[in-house]
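Everything below concerns the one structure shown next.
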Amino acid sequence: MQITKTKGLMQVSSGTRYQANWESLDARPLPTWYDEAKFGIFVHWGVFSVPGFESEWFWWHWQGQNPPDPKCVKYMLDNYPPGFSYPDFAPQFHAQFFDPDDWADIFEASGAKYVVLTAKHHEGFTTWPSSYSWNWNSVDTGPHRDLVGDLAEAVRNRSLHYGLYNSLYEWFNPLYLADKKNNFTTQDFVLKKLLPELYDMVLSYKPELIWSDGDWEAPDTYWNSTEFLAWLYNDSPVKDVIVTNDRWGAGCYCKHGGYYNCADKYTPGELPKHKWEKCQSVDTQSWGYRRTMRLSELMDLPSIVQDLVQTVAMGGNYLLNVGPTPDGMIPPVFEERLRGIGAWLEVNGEAIYSSKPWRLQTENATVPVWYTSKYSSVFAVFMTKPTVYTFHLSEPITVESTTVTLLGNLEPLRWAPLHPRGLIILLPELPPTPAQAWILKLDGVK
């Protein structure tokens, strides 16, 4: 077993060669950076950002599903000339204000440790100059820029990990539609478009995470997923650091791959046995930019922090999505949310980054509490301000040398043991925080 140092993080390279089957691939240990990172930013950006109506599924809702969504049909009739097609939106994807350094500054300020950008959504448009997507990529049309490459440089300059989202299927690709018509007994789309493009993407940008999606219409054998993953884990330039999710074919999610996403916005009822990630969007109605979004449809800062804490307490990572505008701006309300999370993590990040689930994830104490742990410390996170100064925890087992502090305050707090377990803590005046979440650090408890 050799140990390689990559970007300041130790990664274990076992020299194992993985076979192109799930039993072998599923046995690969997840590179350690991912579990330590805990918090990432998801970015949905593409031609769908131009109509900015309903969601990033606009094209499908307008011209794919039967019957079409009447709201999308009316939107097009009211605002565009007859015969205007979805590809006609691409030249309007200008991204003229896109400053990757500005974006990366916001992502760094959020406290996130990784960023995942849509390299290709279900519309098939690539945000990089794919030679397999002629005239339907961000260099040939629209911004005339390599968006994936420009953001990669800015994100990595800030020591953040960079991942790429890639949809396996493309709604209206003729090769895909022909394979689908043949009940996926042919693989023209996979062999001529999908796989060459995926290999090219990995070799060109060396992402540390591949967020696969759009897999559900066909089995993994159609997508050749296990062959691709075997190459990725054995021979690709990112073999020691690459992390993948579980969307590699119908029936794979929550079962095969790297970490598990399961369903979008997945929230497990009990502590999962396998590493998982919750993807969530600040705009509760859409992943892509929406021109009609209202404040009441957005997650507020306390809801986001609560979601992050509960996810981490249950052993998950939290991937929070924002949808930039077609001209390349992150809407200020999204920026405000991200900077708010970062301000909270600056004080409380010790309880989040590199933490592990404790033996108990939550208890209804004086107020509801969520637990995380790191080394010999246990952290109790609470999101309701108690009405009294005595705070009762019923689960931790104390010893004489146990110390209790409030993160952000170095003064040890007074406490008394309860029997057979638990303790009562005398709380100080809690500092105001827009995130509405405070954390007690307990050292020397079991």
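The values are calculated or read from the model by the stated rules, or taken from the named source; none is laboratory data. On a predicted model such as this, the values are computed, not experimentally measured, just so you know. Note: ideal-geometry Cβ built from the backbone for every residue, glycine included; neighbour counts use all protein chains shown. For accessibility, only protein heavy atoms count, side chains too; no ligands or nucleic acids. Shrake-Rupley method; radii C 1.70, N 1.55, O 1.52, S 1.80 Å.
Using the charge dipole of the chain (Lys, Arg: +1 at Cβ; Asp, Glu: -1 at Cβ; taken about the Cα centre), state which of 24, 223, 127 has its Cα farthest towards the positive end.
24
List the chymotrypsin sites (Phe, Trp or Tyr not before Pro) within segment 337-381 that DSSP assigns to loop and that have no more than 11 neighbouring Cβ atoms inside 10 Å.
Those that pass, being in a loop and sparsely packed, are 375.
Just how many % of Cα pairs in segment 247-383 lie over 28 Å apart, if you round to the nearest whole percent?
Working: 2297 of 9316 pairs.
The proportion of pairs with Cα distances above 28 Å equals 25 percent.
For the chain, what does the alpha-carbon gyration tensor say about shape, rounded, prolate or oblate, given a ≥ b ≥ c as the root eigenvalues, a/c under 1.5 as rounded, and a/b over b/c as prolate?
prolate
Accessible area per residue for segment 293-446 in Å², computed with a 1.4 Å probe and the full protein assembly in place, what is it?
With all protein chains present, segment 293-446 gives 45 Å² per residue.
Hey, got the dipole for the chain? About the Cα centre, +1 on K and R Cβ, -1 on D and E Cβ, debye to the nearest 20?
1000 debye
List the lysines whose Cα sits under 18 Å from the Cα of residue 180, skipping any in the same chain fewer than 8 residues away.
192, 193
Mean shadow of segment 111-263, computed from the convex hull of its alpha carbons, in nm²?
About 9.0 nm², averaged over all directions.
How many percent of all Cα-Cα pairs in segment 1-156 sit more than 29 Å apart?
The calculated P(r) of segment 1-156 puts 39 percent of pairs beyond 29 Å.
Tally the DSSP beta bridges in the chain and give the antiparallel ones as a percent, rounded to 5.
Approximately 55 percent, going by the DSSP bridge assignments.
Give the cross-link partners of residue 38 among the lysines, using a straight C-alpha distance below 18 Å as the criterion and excluding same-chain residues fewer than 8 apart.
The qualifying lysines are 7, 113, 265, 273, 275, 278, 356, 374.
Please express the shape of segment 389-434 as an equivalent ellipsoid: the semi-axes are the square roots of 5 times the eigenvalues of the C-alpha gyration tensor, given largest first in whole angstrom.
Semi-axis lengths for segment 389-434 are 21, 12, 8 Å.
Of 313, 50, 62, which is farthest on the positive side of the dipole of the chain, counting Cα position, with +1 on Lys and Arg Cβ, -1 on Asp and Glu Cβ, and the Cα centre as origin?
Of the listed residues, the answer is 313.
Starting from segment 240-334, pick out the trypsin sites (Lys or Arg not before Pro) whose DSSP state is loop and whose Cβ has at most 16 other Cβ atoms within 10 Å.
255, 265, 273, 275, 291, 294
Calculate the all-directions average of the projected area of segment 367-444's alpha-carbon convex hull, and give it in nm².
Mean shadow area of the hull around the Cα atoms is 5.1 nm².
Can you give me the % of accessible surface on segment 401-441 that is carbon or sulfur? Probe 1.4 Å, all protein chains present, nothing else counted. Could the numbers behind the result be given before it?
Values: 1420 of 2330 Å².
Here carbon and sulfur together make up 61 percent of the probe-accessible area.
Over segment 21-70, with every protein chain in place, what whole percent of the accessible area is carbon and sulfur at 1.4 Å, could you tell me?
It is 55 percent, rounded to a whole number.
Express the C-alpha Rg of segment 74-134 as a ratio against the empirical globular expectation 2.2 N^0.38 Å, rounded to two decimals.
1.53
On a C-alpha basis, how far is the centre of segment 376-446 from the centre of segment 178-216 in Å? Whole number, if you could?
When both Cα centres are located, 50 Å separates them.
Calculate, axis by axis, the spread of Cα positions in segment 128-205 along the three principal axes, and write the results as whole Å, longest axis first.
In descending order, the Cα extents are 47, 25, 18 Å.
Accessible area per residue, 1.4 Å probe, Å², for segment 131-229: what's the number?
39 Å²
Given +1 on the Cβ of Lys and Arg, -1 on the Cβ of Asp and Glu, and no further charges, what dipole in debye does segment 325-446 carry about its Cα centre, rounded to the nearest 20?
So the dipole magnitude of segment 325-446 works out to roughly 380 debye.
Please report the equivalent ellipsoid semi-axes of segment 271-330, computed as sqrt(5 x eigenvalue) of the Cα gyration tensor, largest first, in whole Å.
Value: 26, 13, 8 Å, ordered largest first.
Which value, in Å², gives the accessible area per residue of segment 14-99 when a 1.4 Å probe is used on the protein heavy atoms?
Computed with neighbouring chains in place, this is 46 Å² per residue.
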